[in-house]
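Worksheet: the structure to be examined is printed underneath.
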Amino acid sequence: MNHVIDKQTDKRSYGLFGIEKSEITLTLVEMGPDKFGMSFEAQWSGLVSGHTAAGPFEVHGDQDKIVHQNPTIRVEISNWSLDAAHKRLSAHCRIHVDLSSYGLGTVLVYDKTLAGTFGAMNAQQMMAALAQAMESA
């Protein structure tokens, strides 16, 4: 099971009179020792409505890539900061969607920083720590 480091939701309205709406949630997770990822859940409404979720996908550092075609969705991860000594991770994420076919151009639908601590104990480590605490009590 993945340890959740942080979870952020960005709700946006755009287009003529703000009738196009999106709600995107990204979750930054620790997938294993020195292995991190992001999962997402997105829903949108307006001229077109829908919902999708996937992940986690492994992430390791700054990235800028096209993750979907038609519409083109570009994910930009920047300011990746991994502090192993203090077990802290942060990253800024922006998601751009090309909605030119709807007359909206490229729209920024997500712009948040995810940050938190990692290094959660697995069940075996937790039991060992609990046993040690009980012995010293």
For 77, 66, what ranking results if the residue with the fewest other Cβ atoms within 10 Å of its Cβ goes first? 66, 77
Cα-Cα pairs of the chain separated by more than 27 Å (percent): 33
222 nm [θ] for the chain, helices only, -39500 (n - 2.57) per DSSP H run of 4+, per residue, to 500? -3000 deg cm²/dmol
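For the pairs 11/87; 35/87; 7/112, flag any whose C-alpha to C-alpha distance is greater than 18 Å.
Result: 11/87 exceed 18 Å.
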Given R₀ = 35 Å, FRET efficiency for residue 23-residue 129 by Cβ-Cβ distance, to 0.05? 0.35
Over the chain, what is the mean sequence separation of C-alpha contacts under 8 Å (at least six apart), divided by residue count, expressed as relative contact order in percent? 19
Computed over the chain: longest principal axis from alpha-carbon atoms vs helix 123-135 long axis, angle to nearest 10 degrees, is 40
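Each value in this text was obtained by applying a stated rule to the coordinates, not by laboratory testing. In this text, all values refer to a predicted model and were calculated from it rather than measured experimentally. Cβ: placed from backbone, ideal geometry, glycine included. Neighbour counts: every protein chain shown.
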